[in-house]
Amino acid sequence: MRRFILFCFLALPGQLWAETQRVVDIPTRPGVTQRMVLVEPEKPKAAVVLFPGGHGGLQISPTGDFNWGERNFLVRARQLFSKNGLMVAVVDAPSDRQKPPYLGGFRQTSEHVADIRAVIAWVRQQANIPVWLVGTSRGTQSIAFIATQLTLADGGPDGIVLSSTMLTDKPGNRPVPEMPLSKIQIPTLVVHHKRDGCEHCQYGDIPRLMEKLTNASRKELLTFEGGKNQGDPCEAMAYHGFNDIEPVVVRKISEWIVWKKSTD
């Protein structure tokens, strides 16, 4: 386990938000399309498909505006991933889930798996690079489930990153540690703030997650401290969303992903 302690202010320079992005809609299931915002650096080293938390309905406009979730950790950090040499795809709810509850009750379904399998295939067609799934909060329930359902040979991801993982949940909702995680054989990185105040993402429950990743080809926990804690403890501007330490968190995630590409 590595721990990173930051107490200094880390600003997001204005020029980081100047990179161009585009909106893409791809067909997935019959009559269904999946919209995503792409940020593409020159000569990307790998690709990351980003899954925000909450209900997941970003409601991305044709021009790339987010009608919900703009402050989500992964959404607001998308340009940082690009600056670290990664092609970025931020996924919305699919076209048949553009009304409440959006991805609520949908993240652990075969339809969701089919949609993201199509996304992974499309991204791989753009560049011959590894494709990783990165989720935060409820987004971890999407990517962990997908990784238990799709092997790399079946069109699954090259690796996954679980940030601010859903370690417990309300009755009727399966948290990540209760999934059949022994099926996951790809590299798995767990990223968590030691002082995450969200009731379902308590740092003390992390060992239960790590011990169940028995067959991951590589696994590691990166623990962070510092930053700012503002508002609802389960929302994006609290420790739960790595507020004020985004640059170092994204850099460490990106380094871990690129390390896998260069050594495997």
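Values for this structure:
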read-out: Mean-position separation - Cα centroids, segment 72-119 and segment 127-188, in angstrom; value: 13
read-out: Segment 83-130 - Debye-derived log10 I(q)/I(0), Cα point model, q = 0.13, 0.21, 0.32 Å⁻¹; value: -0.39, -0.81, -1.24
read-out: Out-of-range pairs (alpha-carbon distance over 21 Å; input 45/83; 183/219; 194/219; 45/228); value: 45/228
read-out: Cα-based reach from residue 212 at 12 Å (exclusive), listing aspartates and glutamates while leaving out same-chain residues under 8 positions away; value: 178
read-out: Shape of segment 60-159, Cα gyration tensor, a/c cut at 1.5; value: oblate
read-out: Two-decimal Rg/Rh across segment 128-264, once Rg and the Kirkwood Rh are taken from alpha-carbon atoms; value: 0.96
read-out: Dipole magnitude of segment 2-263, debye to nearest 20 (Cβ charges: Lys/Arg +1, Asp/Glu -1, about Cα centre); value: 500
read-out: Rounded to whole Å, sorted largest first: equivalent-ellipsoid semi-axes of the chain, Cα gyration tensor; value: 23, 21, 20
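Only the coordinates and a few stated rules stand behind these numbers; no lab work does. Keep in mind it's a predicted model, so treat the numbers as computed, not measured. Cβ atoms come from the backbone with ideal geometry, glycine included; neighbour counts cover every protein chain shown.
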